[in-house]
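See below for the structure under consideration.
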Amino acid sequence: MQKPDSIIFDMDGTLWDAVDTYAGSWNIVFREMGIDKTVPRDELATMVGWEGKKVLAAIMPEFDDEERQRIYARVNEVRRDLLPKNGGVLYDGVRDGLERLAAKYKLYIVSNCAVGIIRLFIDWAGINDRIIDEIAYGVNYMPKNHNIRLLMERHKLQNPVYVGDTDGDAEQSRLAGLPFVFMSYGFGKTDNYDLKFDTFTDFTQYFIEL
């Protein structure tokens, strides 16, 4: 692996865990719309990192695409209201680690989430001065490998790495032609990685010393 000039992060399962807030937004909307359904945290956690259409089909198989999109639009309205108040759990070492890493690397986020969610995370975590740019799936409904390459072109990145926590992240990183760094504390499992870390602190120290 070449020495990187930049680091592109996944968000959920890599930088924080906001599954309780995400599940809450679904359940509030289901109650609001009189839909007899509950999304448990454990079930939703298995879907973290999936593209939106796949998540909607798994959560609402009884509805057609148009109705799923209508309901999901309302879920995201509620989610955008909840996140600034409820936030999530920032993984140990993330805030300080990003501060240290930002002094050496250009830092970015690419995540399979709705428009505006990454920005809400950045504001909630207080890391505005550390993240240069971000792209969410909801911007163009394109897979991560497309958005990673888009970010690379936009900022003329030469040797970025992608950091995530699922096998899907690994696959998308490979499709984008990037080395993949696996964070084992997240929501997924994979053997398809170039580097693996059990804590964000260990990850930070390795890349500071690289």
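Mind listing whichever residues of the stretch 173-210 are touching a His at 6+ places or on another chain (Cβ under 9 Å) and either β-branched (Val, Ile, Thr) or under 14 Å from residue 10 (Cβ atoms) (or both)?
176
Out of 101, 44, 107, report the one residue that is closer than 25 Å to residue 164 by Cβ, outside the structural domain of residue 123 (by TED's automatic domain parsing), buried (at least 17 other Cβ atoms within 10 Å of the Cβ) and not aromatic (Phe, Trp, Tyr).
44
Which residues, counting only those in the stretch 47-75, are over 30 Å from residue 205 (Cβ atoms) and either assigned by TED's automatic domain parsing to the domain that holds residue 11 or within 15 Å of the chain's Cα centre (by Cα) (or both)?
Here is the first cut: in the stretch 47-75, the ones over 30 Å from residue 205 (Cβ atoms) are 47, 50-75.
Hits for the stretch 47-75 are 47, 50, 51, 52, 55.
Please find, among 136, 125, 170, the residue that is among the small types (Gly, Ala, Ser) and touching a Leu at 6+ places or on another chain (Cβ under 7 Å).
125
How about the stretch 1-106: which helices (runs of 4 or more DSSP H) wholly inside it have at least 3 residues that are of a type outside the set (D, E, K, R) and touching a strand residue (DSSP E or B) at 6+ places or on another chain (Cβ under 6 Å)? Talk me through it step by step, then tell me what you get.
On the way: elements: 19-32, 41-45, 52-59, 65-86, 94-102.
In the stretch 1-106, there are no helices (runs of 4 or more DSSP H) which contain 3 or more residues that are of a type outside the set (D, E, K, R) and touching a strand residue (DSSP E or B) at 6+ places or on another chain (Cβ under 6 Å).
The values are calculated or read from the model by the stated rules, or taken from the named source; none is laboratory data. Computed from a predicted structure; not experimentally measured. Don't worry about glycine lacking a Cβ; one is built from the backbone with ideal geometry, like all the others, and counts go over all protein chains shown.
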